[in-house]
Amino acid sequence: MCGGARTKPAQINVENLQQFVDKVMEEEMNRGPNMKSYDENQTNRFPGHTFLCLYRDDCDRLQLDAMWWGINLFKNYKSFQTPVEDVTIKNGFKKMSHQSRCIIFVSSFMEKKCNFYPAVEDIMVLAGLYKVKKDFPGEYQFTFVTQPMTYSYSHIHDRCPVVLFNQRMVKEWMDRKPLNVTGFIQPVILSVYLASDSPRKQEPKPTYKHRGEEMVDEQIVDDEIVDEEIID
């Protein structure tokens, strides 16, 4: 699925996302406490980096905040992405699928030296799940939600992020009603470029550490969840 993502500063910034929320969500948006952890000037992002994400807090208010990519789901197991077909049935995701859905804002996502951009809009809105970071209350981790890749690009990878490409999909993902997951498996029209075609210099991947915690998995794989003890 997603080996990384790009967040161009001219597109993914607080001002543009405020306009998006005003237009699509038609609600007030608040800013979370971790915004200072997000570097707007960084373009290439990988597991362990922060992304700007929109979520609902315990009072059902919309919050924009920085979240770290990768959820500590089970002991010695970190989730970077999970199939949308599994989020309502797999142990570990069922509760999040009802109460902890979020959207992640990017310019494009990367897979096998290819950049996938939205065909029309400048901002790509992706579906995700989040949870509070263990031992760090007030900080959040997220995992991308994926779907089968559109046939035209299946030779590159068999899965891609769930793209929320219209107002209905965004609003349905952000409410807390039970999910009809089939409604989010849609053909996705994307523009694809080789990463080498980008005028920006590629940035190094992180060392997979955050406050002394070393991430368990350094390779991104399609997640297959089994019934194990969940980390609270």
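The values are calculated or read from the model by the stated rules, or taken from the named source; none is laboratory data. Keep in mind the model is a prediction, meaning the values are calculated, not measured. Glycine gets a Cβ as well: all are built from the backbone with ideal geometry, and neighbour counts include every protein chain shown.
Brief remarks on what is shown
- Residues that are more than 24 Å from Phe116 (Cβ to Cβ) and part of a loop (DSSP other than H, G, I, E, B), drawn from region 131-178: Lys133, Lys134, Asp135, Phe136, Pro137, Gly138, Glu139, Asp175, Arg176, Lys177, Pro178
- Residues considered: Phe51, Phe46. Of these, the only one that is surrounded by 19 or more Cβ atoms within 10 Å (Cβ to Cβ) and either touching a Pro at 6+ places or on another chain (Cβ under 8 Å) or without any contact (Cβ under 8 Å) to a residue 24 or more places away in the chain (or both) is Phe46.
- Breaking point among (1) under 26 Å from Leu179 (Cβ atoms); (2) at pLDDT 95 or above, for His49: (1)
- From the options Gly4, Gly92, Gly70, residue that is more than 17 Å from Leu129 (Cβ to Cβ), in contact (Cβ under 8 Å) with a residue 40 or more places away in the chain, crowded, with 21+ Cβ neighbours inside 10 Å and small (Gly, Ala, Ser): Gly4
- Residues located in region 10-22, provided they are part of a loop (DSSP other than H, G, I, E, B) and farther than 16 Å from Phe51 by Cβ: Ala10
- Of all residues in region 23-42, those satisfying the criterion of being within 22 Å of Thr143 (Cβ to Cβ) and either part of a loop (DSSP other than H, G, I, E, B) or touching a Gly at 6+ places or on another chain (Cβ under 8 Å) (or both) are Gly32, Pro33, Asn34, Tyr38, Asp39, Gln42.
- Test: Cys2 is closer than 22 Å to Gln186 by Cβ, modelled with pLDDT of 95 or more and out of contact with any Lys or Arg (no Cβ under 8 Å at 6 or more places or on another chain): no
- Among (1) at pLDDT below 95; (2) part of a helix (DSSP H, G or I) - the single one Cys59 does not satisfy: (2)
Matching residues to (1) in contact with a strand residue (DSSP E or B) (Cβ under 6 Å, 6 or more places away or on another chain); (2) of a type in the set (Gly, Ala, Ser):
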site: Asp60; (1), (2): no, no
site: Asp65; (1), (2): no, no
site: Asn76; (1), (2): no, no
site: Met96; (1), (2): yes, no
site: Ser107; (1), (2): yes, yes
site: Tyr130; (1), (2): yes, no
site: Asp158; (1), (2): no, no
site: Pro161; (1), (2): yes, no
site: Phe165; (1), (2): no, no
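Here is a yes/no grid of residues against (1) under 15 Å from the mean Cα position of the chain (by Cα); (2) farther than 21 Å from Phe105 by Cβ; (3) modelled with pLDDT of 90 or more:
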{"position": "Asn115", "(1), (2), (3)": "no, no, no"}
{"position": "Asp122", "(1), (2), (3)": "no, no, no"}
{"position": "Trp173", "(1), (2), (3)": "yes, no, yes"}
{"position": "Asn180", "(1), (2), (3)": "no, yes, no"}
